[in-house]
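Following: one structure in structure tokens, then a few remarks.
The values are calculated or read from the model by the stated rules, or taken from the named source; none is laboratory data. Quick caveat: nothing in here was measured; it's all calculated off a predicted structure. In this analysis, Cβ positions are derived from the backbone assuming ideal geometry, glycine residues included, and neighbour counts consider all displayed protein chains. Ligands, DNA and RNA are stripped out before the accessible areas are found, and what is left, the full protein with its side chains, is counted by its heavy atoms. Shrake-Rupley method; radii C 1.70, N 1.55, O 1.52, S 1.80 Å.
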Amino acid sequence: MTILVTGGAGYIGSHCSLTFLEAGHDIVVLDNLENSSTESLARVGALAGRSVTFEKADVRDTDRVERILRTYNCTAVIHFAGLKVMGDSLNHPLAYYDTNVAGSLSLLSAMSRSGIREIIFSSTAAVYGEPRQLPVPEAHPRQPENPYGRSKLIVEEIIRDLCQSDSSWRAGILRYFNPVGAHASGLIGENPLTPTNNLMPLLSAVAGGRAEKLKVFGNDYDTPDGTGVRDYIHVVDLVEGHLRAYEALFGLEHSDNCFAVNLGTGTGYSVLQMVKAFERASNKQIPYEIVGRRLGDVAACYADTVAAEQTLGWKARFGLEDMCADTWNWVCKNPRGYGGHKNAS
Ligand SMILES: NC(=O)c1ccc[n+]([C@@H]2O[C@H](COP(=O)([O-])OP(=O)(O)OC[C@H]3O[C@@H](n4cnc5c(N)ncnc54)[C@H](O)[C@@H]3O)[C@@H](O)[C@H]2O)c1
Ligand SMILES: O=c1ccn([C@@H]2O[C@H](COP(=O)(O)OP(=O)(O)O[C@H]3O[C@H](CO)[C@@H](O)[C@H](O)[C@H]3O)[C@@H](O)[C@H]2O)c(=O)[nH]1
């Protein structure tokens, strides 16, 4: 029962690999190292007490993926490999459709050819677009507003069609809200040197003196303090959700062989609340200035978590303090990220 983890050297994939190894599963990681290095897997191996089997490969190489699936007798796939920067997807839509859509199609074809029918797929709250209702339930209309969100929605639909066409397929689609934080050891986390527009890495960059101040994108939203509200979820909670999803796949009835659930905490925090929380965790002042709204941002977005609780028996455990403290611990211990990563210096 070996599980193929695509994108397993990356931020979420490395945490997931550790969680699955610790739960006693055998895994093989496939990654093209486009946004990662094998150092993350060396550290996962050290934490788990056993080495991680790794194949450097591209998910778009269907024949190679099929060979890997067969070589390791894989029975299921957790699919993280992809591009993830919403803003970037507006400038490079073809790259996003190629990696996220064509890459997933290639993987699903390789699975189909080798008779593997179980997949957990990394989707995103970005498939909902502007929330019309809060908290956002899974049945909320899916109207993504950028190529990144659309690429994920297209793959969701492909997976649904597969499950409908053949009841032996089983799929768990997981819509992440805002993953943050790092493993408590401080050994694995999100590479601090990767260019990013996300709030948490920018907070740590300012606290660590790598950036002068934070730009707060708008304080005129219809939220308690006027700044944007999001559902930040600790990456360790998020990957626990994958373990529960993997277990839930076995309990699925053939008539109901595909589920889509939100992975969030259900609680929203504003940008200014995040600034304060990070100041407490780091014991540093975080200077900020209010600037105009960022194109494409919504006022507030947080998850309805009822389906995750019912379908997976899963609920996030970590609070904002842990998310900030674990991020800060990771960044302080690894100010230059992993060795070998193209953005490491
Ligand atoms: N981090 C977030 O905020 C977030 C939110 C919602 C959804 N997601 C999704 O979760 C998944 C993992 O995100 P992450 O934050 O760990 O990103 P990441 O960039 O750290 O990890 C993605 C991994 O995929 C690999 N990869 C990229 N293209 C590949 C290809 N063609 N073939 C093989 N490997 C390839 C990269 O090298 C990297 O190791 C992504 O699919 C992303 O879209 C992330
Ligand atoms: O320099 C910054 C960066 C962000 N923000 C604000 O912080 C909040 C969070 O922004 P960010 O961390 O960029 O996350 P989102 O824009 O919510 O998008 C994330 O969350 C989505 C899921 O909801 C994922 O799909 C995306 O990949 C991921 O980037 C928003 O209100 C932003 O306006 C600032 O004020 N200043």
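What does the extension gain come out to for ASP322 and ALA307, with contour length at 0.36 nm per residue minus their alpha carbon separation?
Extra length from ASP322 to ALA307 when fully extended: 3.0 nm.
Using only Cα atoms and rounding to the nearest 10 degrees, what angle (0 to 90) does helix 103-113 make with the longest principal axis of the chain?
So the inclination is approximately 20 degrees.
In 5 Å bins starting at 0, how do the alpha-carbon pair distances of the stretch 63-213 split up by percent?
Taking all Cα pairs of the stretch 63-213, the binned fractions are 2, 8, 15, 17, 17, 16, 13, 7, 3, 1, 0 percent.
Kindly state, to the nearest 0.05, the FRET efficiency for MET1 paired with ALA211, given R0 = 45 Å and r defined as their beta-carbon distance.
With a Förster radius of 45 Å, E is 0.50.
Return the sequence-ordered ³J(HN,Hα) values of the stretch 184-193 in whole Hz as given by the Karplus equation 6.51 cos²θ - 1.76 cosθ + 1.60 applied to θ = phi - 60°, using x for Gly and Pro.
Using θ = phi - 60°, the values come out as 4, 5, x, 8, 10, x, 8, 4, x, 9 Hz.
So if a site counts as exposed when it's one of the GluC sites (Glu not before Pro), its DSSP state isn't H, G, I, E or B, and it has at most 14 other Cβ atoms within 10 Å, what's the longest stretch of the chain without one?
That would be 35-211.
Using 7 Å Cα-to-Cβ label points, what is the ASP161/ASP26 separation (nm, one decimal)?
The two pseudo-label positions are separated by 3.4 nm.
Can you tell me what the convex hull of the Cα atoms of the stretch 1-92 projects to on average, as an area in nm²?
Result: a mean projected hull area of 6.0 nm².
Mind checking the angle between helix 147-165 and the chain's longest principal axis? C-alpha axes, 0 to 90 degrees, to the nearest 10.
For helix 147-165, the angle is close to 30 degrees.
If Lys and Arg each add +1 and Asp and Glu each add -1, what is the summed charge of the other residues whose beta carbon sits under 15 Å from the beta carbon of HIS92?
-1
Quick one: which residues, 5 or more positions from PHE54 or on another chain, have an amide H under 5 Å from its amide H? H modelled 1.01 Å from N in the peptide plane, none for Pro or chain starts.
Answer set, sorted by chain and number: VAL29.
Rounded to whole Å and ordered largest first, report the semi-axes of the equivalent ellipsoid of the stretch 252-296 derived from its Cα gyration tensor (root of 5λ).
Equivalent ellipsoid semi-axes, largest first: 38, 17, 7 Å.
How large are Rg and Dmax for the chain when calculated on the C-alpha trace, in angstrom?
19.2, 56
Using Cα atoms only, what is the angle between the long axis of helix 235-251 and the major principal axis of the chain, expressed in degrees (0 to 90) to the nearest 10?
Compared with the principal axis, the helix lies near 30 degrees.
Report the trypsin sites (Lys or Arg not before Pro) located in the stretch 1-63 that are in a DSSP loop and have at most 16 other Cβ atoms inside 10 Å of their Cβ, or state none.
ARG50
Got a sec to turn the phi values of the stretch 315-323 into Karplus ³J(HN,Hα) couplings, 6.51 cos²θ - 1.76 cosθ + 1.60 with θ = phi - 60°, whole Hz, x for Gly and Pro?
8, 5, 9, 7, x, 4, 4, 5, 4
Please compute the per residue accessible area over the stretch 2-333 with all protein chains in place, 1.4 Å probe, rounded to a whole number of Å².
41
Determine the gain in length on full extension of the stretch GLU34-LYS284; use 0.36 nm per residue of separation and subtract their C-alpha separation, reporting nm with one decimal.
86.7 nm
Report the percentage of all Cα-Cα pairs in the stretch 176-231 whose separation exceeds 14 Å, rounded to a whole percent.
Percentage above 14 Å: 64.
At 0.36 nm per residue, minus the direct Cα-Cα distance, what do LYS315 and ASN91 gain on full extension? Give it in nm, one decimal, please.
Full extension of this stretch gives 77.1 nm more.
Percent of Cα-Cα pairs per 5 Å bin, from 0 to the last occupied bin, for the stretch 139-279, please list those.
In whole percents, the pair-distance histogram is 2, 8, 13, 16, 18, 15, 11, 8, 5, 3, 1.
Could you work out the helix-only [θ] at 222 nm for the chain, with each DSSP H run of four or more residues adding -39,500 (n - 2.57) and the total divided by the number of residues, to the nearest 500 deg cm²/dmol?
-11500 deg cm²/dmol
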